[in-house]
1. Would it be correct to say that ILE436 is touching a helix residue (DSSP H, G or I) at 6+ places or on another chain (Cβ under 6 Å) and either crowded, with 19+ Cβ neighbours inside 10 Å or not in a helix (DSSP H, G or I) (or both)?
2. Which ranges mark the helices (runs of 4 or more DSSP H) fully within region 172-247 that have 3 or more residues being open to solvent by less than 50 Å² (accessible area, probe 1.4 Å) and over 27 Å from GLY355 (Cα atoms)?
3. Select from region 399-433 the residues that are assigned to a loop (DSSP other than H, G, I, E, B) and either at pLDDT 95 or above or in contact with a Cys (Cβ under 8 Å, 6 or more places away or on another chain) (or both) and write down the one among them that is most open to solvent (accessible area, probe 1.4 Å).
4. Give the residue, chosen from ASP40, ASP111, that is open to solvent by 40 Å² or more (accessible area, probe 1.4 Å), closer than 27 Å to ALA195 by Cα, acidic (Asp, Glu) and part of a helix (DSSP H, G or I).
5. Can you confirm whether region 380-389 contains a residue that is open to solvent by less than 10 Å² (accessible area, probe 1.4 Å), over 22 Å from the mean Cα position of the chain (by Cα) and free of Cβ contacts under 8 Å to residues at least 60 places away in the same chain?
6. Anything in region 86-108 that is part of a helix (DSSP H, G or I) and either closer than 23 Å to SER439 by Cα or open to solvent by 50 Å² or more (accessible area, probe 1.4 Å) (or both)? List them, or say none.
7. Taking only region 16-35 into account, find how many residues are open to solvent by less than 60 Å² (accessible area, probe 1.4 Å), farther than 20 Å from ALA455 by Cα and at pLDDT 90 or above.
8. Out of all the residues in region 117-139, is one or more among the hydroxyl-bearing types (Ser, Thr, Tyr), open to solvent by less than 20 Å² (accessible area, probe 1.4 Å), farther than 23 Å from PHE302 by Cα and in contact (Cβ under 8 Å) with a residue 60 or more places away in the chain?
Amino acid sequence: MSGTDPTALQELRVVEAELNERWPETKIEPSLDRIRALTDLLAEPQRSYPVVHIAGTNGKSSTSRMVDALLTRIGLRTGRYTSPHLQLATERISIDGKPISPEGYVEAYRDVAPYVSMVDSRSDVPMSKFEVLTGMAFAAFADAPVEAAVLEVGLGGSWDATNVADAKIAVLCPVAMDHADYLGDDLASIAKEKAGIIKPGSIVVLAAQQAEAQQPIMDRIAEVDATVAREGHEFGVLSRTVAVGGQMLKLQGLGGVYDEVFLPLHGEHQARNAALALAATEAFFGAGAAHQLSVDSVREAFAGVITPGRLERVRSAPAVLVDAAHNPHGARALADALSSEFSFRRLVAVVGVLGDKDVRGILAELEPVVEEIVLTRNSSPRAMDPDELAGLAKDIFGPDRIVVEPRLDDAVETAIQLAEETSDPGESVSGGGVVITGSVVTAGEGRALFGKEPA
């Protein structure tokens, strides 16, 4: 990070090394006992502010950023907790719409560390990295102090460490198959787990769901006597038009219609995320026409939204885009946006995936929209070997459309060269594009290659 004290960055690396000795976020023991013990010792900081809690399979981070932007523009001091990070751990804990400083991150860790040790000493299972990070975020938000916290679920819902917060507003993004090893091997089981964030008397803002996912969510709503607002019924996207640098939206909110809303993001899925975020923010202040938000405030908030690593352009001529799609549902949304909102003459994908994902499903969604695919790996220890990835890709793309480059930087350079190729050597090239995708880690490292700062 430019402009950051090297000593602070070194201290941050030391803290991250300590945290990485704990269970990773991919390993969970389904219990809230440890995080509850920690928050009890910290005097329950998560009860110091109202909470908007966001779960679902895809769209959580973008929706979280949009809710944060809306609340901030309306005048509240906000805290936002998201995961995983793209480039630097500080991205996970944001205050006033910006990542906490390395110094603030280290201070938050040192403040909770003695209490974490106490919890560890009383438990057969030490606290996981994610549980400690959650406690850090809760405490940092209370210390700020913030007037509202936007919490993104890490994994699932019921047993996620964030679920010790009693959210005033529960937001359910679209539910799809992912993390089947932990959440269940069918859509209904996954939806039931994610619906665990819905608390008695809360307001649920519900994205359109597949029927199999919808029922367990509605059952949970009825069980705890929550109130629900549904996409396509109480709120939604009335119209969207592709515009330079994004799209122009007309949104139906809970309190009225908001027109001429420019969103500097691509894809129908981001328009729907915007409708979801708008309804959640309206619900936060009290749904209904009497609580309609200022249209100008909504326009200004959405116009300034930044979602790093979500169809983000990091270079022009040829265009290089970065997207964190890491499951088939996310890859489908990416493919739809690429085909409907861009007119690339030749599009090449750089793909690096984690080995525990539905790799075939991701590749199958990308195949119709890309000419060629450059297979690589990111720095994660869970990354799939590029040769193994190529073995899977050959069945989908055929051998002639595949290139293997073990290093990400080489893969990107190769993809740029492929995107610039034409059949006529004398013809000038225009309309070539590259998309770097397959994993949050790949997207983050792709951003860093082009000098993008953590955001």
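The values are calculated or read from the model by the stated rules, or taken from the named source; none is laboratory data. Source: prediction; values computed, not measured. Note that each Cβ is placed from the backbone with ideal geometry, even for glycine, and that neighbours are counted across all protein chains shown. Accessible surface areas use protein heavy atoms only, side chains included; no ligands, DNA or RNA. Shrake-Rupley method; radii C 1.70, N 1.55, O 1.52, S 1.80 Å.
1. Details: touching a helix residue (DSSP H, G or I) at 6+ places or on another chain (Cβ under 6 Å): yes; either crowded, with 19+ Cβ neighbours inside 10 Å or not in a helix (DSSP H, G or I) (or both): yes.
When the stated conditions are applied, ILE436 passes them.
2. On the way: elements: 180-183, 187-194, 211-223.
Per the criteria, 211-223.
3. The first filter runs over region 399-433 and keeps only residues assigned to a loop (DSSP other than H, G, I, E, B), leaving 405-407, 421-431.
Those still in the list that are either at pLDDT 95 or above or in contact with a Cys (Cβ under 8 Å, 6 or more places away or on another chain) (or both) too: 405-407.
Working: GLU405: 47, PRO406: 78, ARG407: 140 Å².
My answer is ARG407.
4. Details: ASP111 fails: closer than 27 Å to ALA195 by Cα.
Criteria check complete, one pass: ASP40.
5. Filtering region 380-389 down to residues open to solvent by less than 10 Å² (accessible area, probe 1.4 Å) leaves 386, 389.
From what is left, the residues that are over 22 Å from the mean Cα position of the chain (by Cα) are 386, 389.
If we keep only those that are free of Cβ contacts under 8 Å to residues at least 60 places away in the same chain too, we end up with 386, 389.
Yes: region 380-389 contains one or more residues that are open to solvent by less than 10 Å² (accessible area, probe 1.4 Å), over 22 Å from the mean Cα position of the chain (by Cα) and free of Cβ contacts under 8 Å to residues at least 60 places away in the same chain.
6. At the first step, the residues of region 86-108 found to be part of a helix (DSSP H, G or I) are 89-92, 102-108.
Those that are part of a helix (DSSP H, G or I) and either closer than 23 Å to SER439 by Cα or open to solvent by 50 Å² or more (accessible area, probe 1.4 Å) (or both): ALA89, THR90, GLU91, ARG92, GLU103, GLU107.
7. 7
8. Initially, region 117-139 is screened for residues among the hydroxyl-bearing types (Ser, Thr, Tyr), giving 117, 121, 123, 128, 134.
After this cut, where a residue has to be open to solvent by less than 20 Å² (accessible area, probe 1.4 Å) as well, the list is 128, 134.
Filter again for farther than 23 Å from PHE302 by Cα, leaving 128, 134.
When the remaining residues are screened for being in contact (Cβ under 8 Å) with a residue 60 or more places away in the chain, the result is 128, 134.
Yes, the conditions are met somewhere in region 117-139.
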